[in-house]
1. In region 417-435, which residue that is among the charged types (D, E, K, R) and open to solvent by 80 Å² or more (accessible area, probe 1.4 Å) is modelled with the highest pLDDT?
2. Tell me which residues, restricted to region 188-204, are in contact with a strand residue (DSSP E or B) (Cβ under 6 Å, 6 or more places away or on another chain) and either crowded, with 16+ Cβ neighbours inside 10 Å or of a type in the set (Phe, Trp, Tyr) (or both).
3. State yes or no: is residue 194 out of contact with any Gly (no Cβ under 8 Å at 6 or more places or on another chain) and in a strand (DSSP E or B)?
4. Could you check, for region 357-370, whether at least one of its residues is outside any helix (DSSP H, G or I), at pLDDT 90 or above and either among the charged types (D, E, K, R) or open to solvent by 90 Å² or more (accessible area, probe 1.4 Å) (or both)?
5. Which residues, taken from region 436-455, are surrounded by fewer than 19 Cβ atoms within 10 Å (Cβ to Cβ) and farther than 19 Å from residue 361 by Cα?
6. Among residues belonging to region 377-416 that are in contact with a Gly (Cβ under 7 Å, 6 or more places away or on another chain) and either farther than 22 Å from residue 365 by Cα or among the acidic types (Asp, Glu) (or both), point out the one that is most open to solvent (accessible area, probe 1.4 Å).
7. Which of the numbered conditions does residue 165 fail, given that it passes all the others? Conditions: (1) open to solvent by less than 50 Å² (accessible area, probe 1.4 Å); (2) modelled with pLDDT of 90 or more; (3) not hydrophobic (A, V, I, L, M, F, W, C).
8. How many of the residues making up region 119-153 are open to solvent by 90 Å² or more (accessible area, probe 1.4 Å), part of a loop (DSSP other than H, G, I, E, B) and of a type in the set (A, V, I, L, M)?
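The values are calculated or read from the model by the stated rules, or taken from the named source; none is laboratory data. Bear in mind the structure is a predicted one, so any value in this text is a computation, not a measurement. Positions of Cβ are backbone-derived with ideal geometry, glycine not excepted, and every protein chain shown enters the neighbour counts. Accessible surface areas use protein heavy atoms only, side chains included; no ligands, DNA or RNA. Shrake-Rupley method; radii C 1.70, N 1.55, O 1.52, S 1.80 Å.
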Amino acid sequence: MGMLSVRQYTRRSIMILLGVLCISMVLLFLALRTHLLAQARITQQQRVAHQAENLSQTIRVYRDIVERLSARTEVADMLALSLADEAHDWALQMRSLLPGSVGLALFDDRGRLLGEPLRLRLGEMCRLDMHHYLSGEILPGPRVHRGVKGLEHFDLVASVNGIEGPVGVVFASFRLDLVQQALDRVTSPGQSLALLAYDGSVIAQTGRPGPDAWDYRTPVPGTAWTLQAFMPAPALDAVVVYFLVAFAVLATLLAVFLALTTRKLGRLFIGEMESIHRLVRELQEENPGLELKPRLQESRGLFDAIRGLAENIAARQRRLLQQSTTDDLTGVHNRRLLEPVCAELLDFVKSGGKGCLVIVDIDHFKQTNDLHGHATGDKVLKCLADALTSRGYEDPCIRLGGDEFVILLRAFEPAGMARWFHALSERFRANLAAAGIPGFEHCTLSAGAAALAPDMEDCSRALRRADEALYQAKKGGRNRVVVDAGETVG
């Protein structure tokens, strides 16, 4: 992916933001529409349930009428005594008094009809239903019969109890027109209702459903019937349009504001970047004379940080240079400075001067570490380093490693090596005593020295000769210095 300018990045960011706003608008619109439709469905479902309850109240009115008839004393007597003629006449008389009644009859507890079925308007299906009822079989109801045109009806049954228990039932049938009238009363404008029987057939119906109508179904309490309602979908156009317009206006205002703001910020940012570039270039050229002032408050810290970073880098470079050429434990030069320091001394020797390379180490240093620990050994090394660097004149001192140190002496005289070595040993023991090193009086040094010659290209030959001289000093009993592996002094 190529690099982008601030302006390109700003334009791309605005386009992405507008895309996110558009997607958010669509998602919010869908969420709002779904929520409104869900709320509308809940409201309409509650409305249909209320209508079903009203229909249930209508059925309950007729059921209460039948139950009041079954509670009359003369009804229980006629059934208990099987008075068929009296029961027949009573049923005809009461049927004429019941509004919307199609048929009325009494059945005893053996399932026998008290009266003539034709005059009492009991069809074959009604008698079959009563047979199932009296045999204890539970049928969904109220039962609906449409066998005779003009006498379509639904049946209601109520048990009759005598002194010794059930003696029969009261059977009554009512016109389906009563249900149609009740359905007409509860139907709202624009709504289509259908009352379905237990077998799914239509008992009564109002209106015709539209092509986009929502379908609701709810049971009619106290019955096995179902109320089916077709209701038009709620009109959400006004709400949706208002939402879309409001969101579009808001998105436009936000986009314009962001465009103007980012344009100004882009100009300021580009100016700050140019100033920072100039500042970095001046620091690279080590010419921080031009004072650049930031225009943004947030950039002030960055300008100061760049200047501080440049100073820290310079200081760190100095520290790293020092650390790379200094021994961490003793503070003297480390082996990296051996060649350049020796080269300077060789130049001095080639110009007519004198120089000497001396290797000094501590006798039995390993035993000191083993007996008293490495911490004590480190103190002993520091004492030797202090002794080598505390002279009145500065001769380079380099730690080769372990307990071996190299000293490059100017104005070398072989005859003076004994005095030099004796003075070094005294300073070393004094430092040991001051540091509280146990058994310091037994700590001694050995040294090997080699003169530098003008024909030497580097210090490797002198270093080898001094090492051989050190070996001779060790071999000769330690606590001494040997010059050029042949002359022992001290």
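1. 426
2. Start the filter on region 188-204 by keeping residues that are in contact with a strand residue (DSSP E or B) (Cβ under 6 Å, 6 or more places away or on another chain), which leaves 191-197, 202-204.
Answer for region 188-204, where residues must be in contact with a strand residue (DSSP E or B) (Cβ under 6 Å, 6 or more places away or on another chain) and either crowded, with 16+ Cβ neighbours inside 10 Å or of a type in the set (Phe, Trp, Tyr) (or both): 191, 192, 193, 194, 195, 196, 197, 203, 204.
3. Details: out of contact with any Gly (no Cβ under 8 Å at 6 or more places or on another chain): yes; in a strand (DSSP E or B): yes.
It is true that residue 194 is out of contact with any Gly (no Cβ under 8 Å at 6 or more places or on another chain) and in a strand (DSSP E or B).
4. Looking through region 357-370, at least one residue is outside any helix (DSSP H, G or I), at pLDDT 90 or above and either among the charged types (D, E, K, R) or open to solvent by 90 Å² or more (accessible area, probe 1.4 Å) (or both).
5. Those that are surrounded by fewer than 19 Cβ atoms within 10 Å (Cβ to Cβ) and farther than 19 Å from residue 361 by Cα: 436, 453, 454, 455.
6. It comes out as 410.
7. (2)
8. Total meeting the criteria: 1.
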